[in-house]
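Participant: The structure follows.
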Amino acid sequence: MSDRRLLAGLTAAGLAYAIVRYNVFKGVPWDQLPIYVANKAIALVGLMLLGLSRIVVEKQRRKNLGLGGALLVLVHVLMSLILLGPRYYPSFYGALEQMTLSAEASMLAGALGTAGLLWLLYVTTIRPLAGQPNRTSLVPGLGRLVLAFTAVHVILIGVRGWFDVASWPGSLPPITLLSFAIAAVLCVMPKARKKG
């Protein structure tokens, strides 16, 4: 399957899941589909592409999937900044409309993961063009660290609803739970050796 078809298929599946879970079963208004609901799907698909880039062997395909995943994660960050506030995320805020400790820790983990991802983008795209070696050793195991920060980011956001299965809209697991599972599995999975 081509990378474009894979991206289109994963995006369609992620968006369909988010629409069914949030708009259809949870009753989120349809006018919140373009950013609030789509943002959840974009984050999940971005993470899946990053994960696939760790297990695909062929070098160019790894790069394509990694870049696609990174770009979707950056879109997720921008969309989240647009939405950030007590109206969309009341559980992030306390009585004084300041972020709770767990929300701040989640945002910190997300920011650190994004910074690591930006460094990986730099060393795989810009440094080689400038004739510099393609080394990612700013921090050994940075790819796994980005995944670990992602796992922390989503567990702090959604863990309270993960075990109340009866409250899952349409009996569908939360996207934060799916994201945590993907990030956790990828953290312990060995990285594929590069080929070609």
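Participant: Of (1) under 30 Å from Lys191 (Cα atoms); (2) at pLDDT below 95; (3) surrounded by 12 or more Cβ atoms within 10 Å (Cβ to Cβ), Val154 satisfies all except one. Which?
Facilitator: (2)
Participant: Please identify the pairs in which a residue from the range 88-99 that is without any contact (Cβ under 8 Å) to a residue 12 or more places away in the chain and in a loop (DSSP other than H, G, I, E, B) has its Cβ atom under 7 Å from the Cβ atom of a residue that is exposed (fewer than 14 other Cβ atoms within 10 Å of the Cβ) and aliphatic (A, V, I, L, M), counting only partners at least 6 apart or on another chain.
Facilitator: No pair meets every condition.
Participant: Sticking with this one: Kindly establish whether Leu74 is closer than 21 Å to Phe149 by Cα and under 16 Å from the mean Cα position of the chain (by Cα). Reasoning before the result, please.
Facilitator: Numbers: closer than 21 Å to Phe149 by Cα: yes; under 16 Å from the mean Cα position of the chain (by Cα): yes.
Answer is yes for this residue.
Participant: Another question, then. How many of the residues in the range 18-58 are touching a residue at least 60 places away in the same chain (Cβ under 8 Å), surrounded by 18 or more Cβ atoms within 10 Å (Cβ to Cβ) and of a type outside the set (Gly, Ala, Ser)?
Facilitator: 9
Participant: Right, here's the next one. Look through Leu71, Leu101, Leu84 and report the one residue that is surrounded by fewer than 18 Cβ atoms within 10 Å (Cβ to Cβ), out of contact with any Asp or Glu (no Cβ under 6 Å at 6 or more places or on another chain), at pLDDT below 95 and within 20 Å of Leu156 (Cβ to Cβ). Even if it seems obvious, please write down each step before you answer.
Facilitator: Values: Leu71 fails: within 20 Å of Leu156 (Cβ to Cβ); Leu101 fails: at pLDDT below 95.
When all the criteria are applied, what remains is Leu84.
The values are calculated or read from the model by the stated rules, or taken from the named source; none is laboratory data. None of these values were measured; they are calculated from a predicted model. Neighbour counts are summed over all protein chains in view; Cβ atoms, including those assigned to glycine, are modelled from backbone coordinates with ideal geometry.
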